[in-house]
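K.L.:
I'd like to ask some things about the structure below.
The values are calculated or read from the model by the stated rules, or taken from the named source; none is laboratory data. Keep in mind the model is a prediction, meaning the values are calculated, not measured. Here the Cβ positions follow ideal geometry from the backbone for every residue, glycine too, while neighbour counts run over all protein chains shown. Ligands, DNA and RNA are excluded from the accessible area calculation, which covers all protein heavy atoms including side chains. Shrake-Rupley method; radii C 1.70, N 1.55, O 1.52, S 1.80 Å.
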Amino acid sequence: MTDSRKPVFLVIGAGAGIGGNAAMRFAAGGYHAVMARRSDEAGLQRLVGQIETAGGSASGTLLNAAEDGAIEELVARTERDVGPIHTALYNLGAQIGNRPLEATPHRIFELGWRLGTYGVFRLAHALFPAMVERAKTGAHGTLLVTSATAAMRGNAGQHSHAAAMGGRRMLCQTLNAEFAPKGVHVAHVVVDGAVDAPDTLGKLLGDRYETFKANKGAQGIIDPAVLAETYWHLAHQPRNCWTHEIDVRPWTDVAWWNDNPDPQIDSKGKGFAGPQP
């Protein structure tokens, strides 16, 4: 039987940056956005209100993705009570900051793995059976996975993050190998630059956030609303032209694979590849 309800866009990690903007884009495209985040219910309800004010439909729920059964229950409840999940976005990070090995306890390392890798596995395990069934009627499903530079290169002080993101990337490849023939599209999105996100980067930098953005300039920081267009495109690619991995960055940034940058590039961070402001 055909399900007459709206297709659902499920985002785990629905902050005011990438997750929230992706939810707004999919809601504008006719989806019901189900947004989950660990805390700040007031912020979550503000996102719901913004979507509804713009004419879309959305709902929000608090979720501790590291808790056993939480992701699985959310998927089952959404499919039962809201609608079929056409696209899911796993947008949880696993960044614990730069820490030397001796300052990285076992429990912190494991938490990075739980959020960075195991959570993607659990989401796929809970979601893909229904997506595979729907694909038999021609309605392919999509899992979008936000990732980071650390998935491609491990730097000093990034033991937990790099291991989690590297595992995330390889997991996405294995999921592709198994499920692309069954009609499920998995796209690993390497966000290789700073994102204008007040509740992630903003919290990390604190009162330095606005100065950081001003120094980067309008073209030097990723606009999450623009990045949301990339997610929308990935979710609606035809099966004969699926993108399985993509990396995005401001044009001013040095790419993660650039091991021999120009010596004039600013050494504070990833660098500045364009003309100096």
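K.L.:
Quick check: residue separation of A214 and W257 times 0.36 nm, minus the Cα distance between them. What number comes out in nm?
P.N.:
Extra length available between A214 and W257 comes to 12.9 nm.
K.L.:
Next up: Determine, for the chain, the count of lysine pairs separated by eight or more sequence positions (or lying on different chains) whose alpha-carbon distance falls under 23 Å.
P.N.:
Taking the chain as the scope, the lysine pair count is 11.
K.L.:
Measuring with a 1.4 Å probe in the full set of protein chains, what accessible area per residue, in whole Å², belongs to segment 112-246?
P.N.:
Accessible surface, normalised per residue, equals 44 Å².
K.L.:
Select from Q173, Q45, Q219 the residue whose mean-square fluctuation is largest in a Gaussian network model of the chain (Cα-Cα springs shorter than 10 Å).
P.N.:
Looking only at Q173, Q45, Q219, the biggest GNM fluctuation is shown by Q219.
K.L.:
Can you give me the Cα centroid spacing of segment 47-120 and segment 22-37 in angstrom?
P.N.:
Segment 47-120 and segment 22-37 have Cα centres separated by 15 Å.
K.L.:
Using a 10 angstrom cutoff on alpha carbons, build the Gaussian network for the chain and name the most mobile of S57, S39, S147.
P.N.:
Residue with maximal mean-square fluctuation among S57, S39, S147: S39.
K.L.:
Whenever you get a sec, compute what percent of the accessible area on the chain sits on carbon and sulfur atoms (1.4 Å probe).
P.N.:
Carbon and sulfur: 55 percent of the exposed surface of the chain.
K.L.:
If you average the C-alpha positions of segment 233-257 and of segment 135-198 separately, how far apart do those two centres end up, in angstrom?
P.N.:
Each part's Cα centre sits 11 Å from the other's.
K.L.:
Rg/Rh for the chain: what does it come to with C-alpha atoms and Rh from Kirkwood?
P.N.:
Expressed as Rg/Rh, it is 0.96.
K.L.:
Grab the Cα-Cα distance for E178 and L101, subtract it from 0.36 nm times how many residues apart they are, and report the gain in nm with one decimal.
P.N.:
24.2 nm
K.L.:
Follow-up question, since we're still on this one. Evaluate the relative contact order of the chain (contact order divided by residue number), counting alpha-carbon pairs under 8 angstrom at least 6 apart; express in whole percent.
P.N.:
Reported as a whole number, the value is 18 percent.
K.L.:
If you don't mind, another one. Out of I222, I108, I71, any idea which swings most in a Gaussian network model of the chain, alpha carbons joined below 10 Å?
P.N.:
Top of the fluctuation ranking is I108.
K.L.:
In nanometres, what is the gap between the two model label sites at D3 and E110, each 7 Å from Cα along Cα-to-Cβ?
P.N.:
3.5
K.L.:
Could you report segment 40-95's accessible area per residue, 1.4 Å probe, as an integer in Å²?
P.N.:
45
K.L.:
Take the Cα coordinates of segment 134-210, assign each an equal point scatterer, and use the Debye formula without solvent to give log10 I(q)/I(0) at q = 0.13, 0.23, 0.24, 0.26 Å⁻¹.
P.N.:
Each listed q corresponds, in turn, to -0.54, -1.03, -1.07, -1.14.
K.L.:
Count charges around T142 for me, please; just the other residues with Cβ under 12 Å from its Cβ, Lys/Arg as +1, Asp/Glu as -1.
P.N.:
With Lys, Arg at +1 and Asp, Glu at -1, the neighbours total +2.
K.L.:
Given points 7 Å out from each Cα along the Cα-Cβ axis, report the K203 to N155 separation in nanometres with one decimal.
P.N.:
2.1
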